[in-house]
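Peer 1: Quick one: structure below, then a few questions.
Here, each number is a calculation from the coordinates, and none is a lab measurement. Since the model is a prediction, treat every value here as computed from it, not as a measurement.
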Amino acid sequence: MKLRYLLLLCLPLTVLAAEDTIITESTSTSDVSTTTKLESPPPSAITPTMNISNSDLCTVGVAGAVQTQILGISMGTTVRDMNCEKLKNAKTLYDMGMKVAAVSIMCQDQRVFDAMMNAGTPCPYEGLIGEAAKAAWDANVEETPVEIEAEEILDEKTKQTLWGLGSIFALLLILL
């Protein structure tokens with residue numbers, strides 16, 4: 001009996017719920033116009049990487065880059081360190097037991113040559129060592145090592161630098 005009353009109570013609620021369905025319709029129209037202005041910097045000239053981190057190399061890396069609105073130039077090179085090479089060669093010869101040859105390589109530097117003479121242990125001369133070498137060096141003064149003038153080196157490097165800068169400047173004038 002209780003079941004009948006319960007069914008009678010639920011029946012009208014389901015009928016009312018079925019009749020209350022609402023349908024809505026919506027329409028929207030939009031007209032959008034956008035303008036985008038993109039400003040970006042010119043491409044960059046990036047300096048090349050000079051990877052010379054190996055400690056056994058006697059070179060130094062030099063690199064540079066220039067960028068204008070039209071043209072970008074980048075370049076790099078390595079420069080040999082002759083003093084480093086001399087030291088490595090002398091050390092290698094000394095490690096192989098060729099001590100006189102190692103000293104001979106070091107004596108190619110005027111500062112080392114002068115220091116050896118002042119110390120009373122002259123540099124080897126064509127296989128001669130000691131007093132015989134000192135007498136040979138005194139007899140052949142024109143063969144003593146001469147230090148290259150710093151001004152001469154700077155002049156040559158200055159010429160190369162000016163040629164490089166002049167070429168870049170001329171190229172930029174042509175492009176502008």
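Peer 1: Can you list residues whose amide H is under 5 Å from Ile129's amide H, if they're 5+ apart or on another chain and H is modeled 1.01 Å from N?
Peer 2: Amide H neighbours of Ile129, under 5 Å, 5+ apart: none.
Peer 1: Give me D for region 54-176 in µm² s⁻¹, whole number, from Stokes-Einstein with Rh from the Kirkwood sum over alpha-carbon pairs, 37 °C and 0.692 mPa s.
Peer 2: 180
Peer 1: Taking 0.36 nm per residue of sequence separation and subtracting the Cα-Cα distance, how much length would be gained by fully extending the chain between Asn83 and Gln69, in nm to one decimal? Walk me through the numbers on the way to the answer.
Peer 2: Details: separation 14, 0.36 × 14 = 5.04 nm, distance 4.17 nm.
This chain segment gains 0.9 nm when fully extended.
Peer 1: Next question, about the same structure. Once fully extended, how much extra length lies between Asn140 and Leu128, figured as 0.36 nm per residue of separation less the alpha-carbon to alpha-carbon distance?
Peer 2: Details: separation 12, 0.36 × 12 = 4.32 nm, distance 1.32 nm.
Result: 3.0 nm gained on full extension.
Peer 1: How much length is gained if the chain between Val62 and Lys99 is pulled fully straight, taking 0.36 nm per residue apart and subtracting their Cα-Cα distance, in nm to one decimal? Don't skip to the end; give the middle numbers.
Peer 2: On the way: separation 37, 0.36 × 37 = 13.32 nm, distance 3.50 nm.
The span from Val62 to Lys99 would gain 9.8 nm if fully extended.
Peer 1: By a straight-distance test (C-alpha under 16 Å), which aspartates and glutamates pair with Lys157 as possible cross-link partners, with residues fewer than eight away in the same chain excluded?
Peer 2: Cross-link targets: Asp81, Glu149.
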